[in-house]
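See below for the structure under consideration.
Throughout, read-outs are computed from the coordinates displayed, never taken from laboratory work. It should be emphasised that the depicted structure is a prediction, and the values quoted were computed from it without experimental measurement. Here the Cβ is made from the backbone with ideal geometry for all residues, glycine too, and neighbour counts use every protein chain on show.
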Amino acid sequence: MASTQVNPTRMELTRLKKKLTTATRGHKLLKDKRDELMRQFLDRVRENRRLREEVEAGICAANMNFLLARAGSQDAVMNTALLAPKQRVSLECGVENVMSVEIPQFTFKTRTPDQNDIFSYGFAFTGGDLDGAVQSLQDIFPQMLRLAECEKGCQLMAAEIEKTRRRVNALEHVVIPELQENIRYITMKLDENERSTQIRLMKVKDMMLQEAHGYETI
Amino acid sequence: MYRIAVLGDRDSIYGFAALGLEVFPVEDAEAGRRTLRNLCEQEFAVIYITEALAAQLPEELSRYEEQRLPAIIPIPGVVGNTGLGIARVKRSVEQAVGSDIIFTDGDA
C-alpha cells in the first residue's frame with residue numbers, strides 16, 4: 001500500500017500528517033452526524049408507520065362508504081354531485097433542517113373557512129351515504145398530510161444516512177489506514193537515511209584519523 | 001403556493017375532489033406515467049397515487065424519492081390495501097439502517 005508513489009520527504013510527511021488530522025476529525029464528526037441522524041430517523045419512521053396504518057385504515061373505510069354511496073344512487077347523480085368542488089386546498093411548504101437534511105413541512109389552507117364546503121352538492125338528490133363518505137375522507141385528510149410530510153422526511157433522511165455511513169466507512173477503513181501506513185513508511189525511510197548518513201560520517205572520520213595519525217581501527 | 005394532486009383510477013380517487021384536492025383520473029400505466037411526470041414539473045408538493053398505479057411505475061417513484069419536492073405518497077385504492085406503502089417505509093429503514101429493525105415485531 002505504502003509503495004504506491006510516496007515521496008519519502010519531510011514535506012510530504014508534514015502534508016500527510018495534516019491530512020490525517022483532518023481525516024480523523026472528519027471521521028469523528030461524520031460519525032456523530034450519522035448517530036444523531038439515525039436516532040431522529042428511528043423516531044420518525046415509527047411515527048411514519050403509525051400514520052400509515054392509520055391513513056390506510058381511514059381511506060379503506062372511506063372507500064367502503066363511497067362504494068355504498070355509489071351503490072345507493074345513480075352514477076350520473078354521483079358524478080354531478082362531485083363535479084364542481086366548492087372547497088380548494090392549497091399548501092404552504094416550509095423547510096425543517098435536521099442535521100443538514102432539508103425536510104419539507106406542509107401546512108394546508110382551505111379556500112373557504114367553512115367546514116361544510118366539502119359538500120359541493122345540494123342535499124336534495126343524494127343520499128346520506130355520500131355525506132358520510134365525504135366526511136370520513138375529510139376526517140382522515142390531516143393525517144394524510146402529516147403522512148406525506150413524515151414519509152418524505154424519512155426517505156430523504158434514509159438517503160442521507162446511507163451517504164453518511166458510506167463516508168464514515170470509507171474514512172475509517174480506507175483513508176485513515178492508508179495515511180497511517182504512508183506516514184509510517186516515510187518515517188522509517190527518513191530514519192534509515194539518517195542512520196546511513198551517520199554511519200557514513202563515522203566511517204569518514206575513522207579513515208581521516210587513520211591517515212593523519214596512523215590510528216588502527218577496525 | 002403549492003397544490004395537492006391525487007392520481008389513480010377514477011373509482012378510487014373521485015371522493016378527494018370534494019375535499020378540494022385536484023384529481024387526475026388515469027386509465028392505464030402509460031397515461032399514469034405521463035400525467036405523473038407532468039405533475040412533477042408543476043407546483044404540486046404532494047402527489048397521492050393509488051397503490052395499484054404506483055406498483056406499475058416503480059422507476060418513476062424512485063426518481064423523485066431523493067428530491068425534496070414533490071412527495072409522492074401511495075394510498076390504498078378501491079381494490080384494497082396491497083401493502084405497497086408500508087413496504088416502501090420498510091425499504092427506507094433498510095436503506096438507512098442496513099437491516100429491518102422496525103417491522104420485525106411480527107404485527108406488520
_Once exposed loop trypsin sites (Lys or Arg not before Pro) are cut out (DSSP; at most 16 other Cβ, 10 Å), longest piece of chain A_ = A:112-218
*Enter the angle in degrees (range 0 to 90, nearest 10) between the Cα long axis of helix B:10-19 and the first principal axis of the Cα atoms of chain B, meaning the one along which they spread out most.*
80 degrees
*What share of the DSSP beta bridges in the protein assembly as shown is antiparallel, in percent to the nearest 5?*
45 percent
*With at most 14 neighbouring Cβ atoms within 10 Å, loop chymotrypsin sites (Phe, Trp or Tyr not before Pro) (DSSP) excluded, longest segment of chain A*: A:1-122
*asked:* Tell me the mean residue ellipticity at 222 nm calculated for chain A from its helices only (DSSP H runs of n ≥ 4, each -39500 (n - 2.57), averaged over every residue, nearest 500).
replied: -25500 deg cm²/dmol
*In terms of the ratio Rg/(2.2 N^0.38 Å) built on C-alpha atoms, what value belongs to region B:3-108?*
1.11
*Kindly work out what percent of the DSSP beta bridges joining two residues of chain B are antiparallel, to the nearest 5.*
5 percent
*Kirkwood Rh and Cα Rg combined as Rg/Rh, region A:48-171*: 1.15
*asked:* Using a Debye calculation, one point per C-alpha and no hydration shell, please list log10 I(q)/I(0) for the protein assembly as shown at q = 0.06, 0.15 Å⁻¹ in order.
replied: -0.37, -1.17
*Sort A:Leu29, A:Leu51, B:Leu53, A:Leu20 so that the residue with the fewest other Cβ atoms within 10 Å of its own Cβ comes first and the one with the most comes last.*
A:Leu29, A:Leu20, A:Leu51, B:Leu53
*Do any GluC sites (Glu not before Pro) in region A:158-218 lie in a DSSP loop with no more than 16 other beta carbon atoms within 10 Å, and if so, which?*
A:Glu216
*How do A:Thr110, A:Thr22 line up, fewest other C-beta atoms within 10 Å first?*
A:Thr22, A:Thr110
*Tell me, A:Met157, A:Met188, A:Met78 in order of fewest to most beta-carbon neighbours within 10 Å?*
A:Met188, A:Met78, A:Met157
*Enumerate the calculated ³J(HN,Hα) couplings along region B:91-101 in order (Karplus 6.51 cos²θ - 1.76 cosθ + 1.60, θ = phi - 60°), each rounded to whole Hz, writing x wherever the residue is Gly or Pro.*
5, 5, 5, 4, 5, 7, 8, x, 8, 7, 10
*asked:* Compute a Gaussian network model of chain B, connecting alpha carbons closer than 10 Å, and tell me which residue from B:Arg63, B:Arg37, B:Arg88 fluctuates the most.
replied: B:Arg63
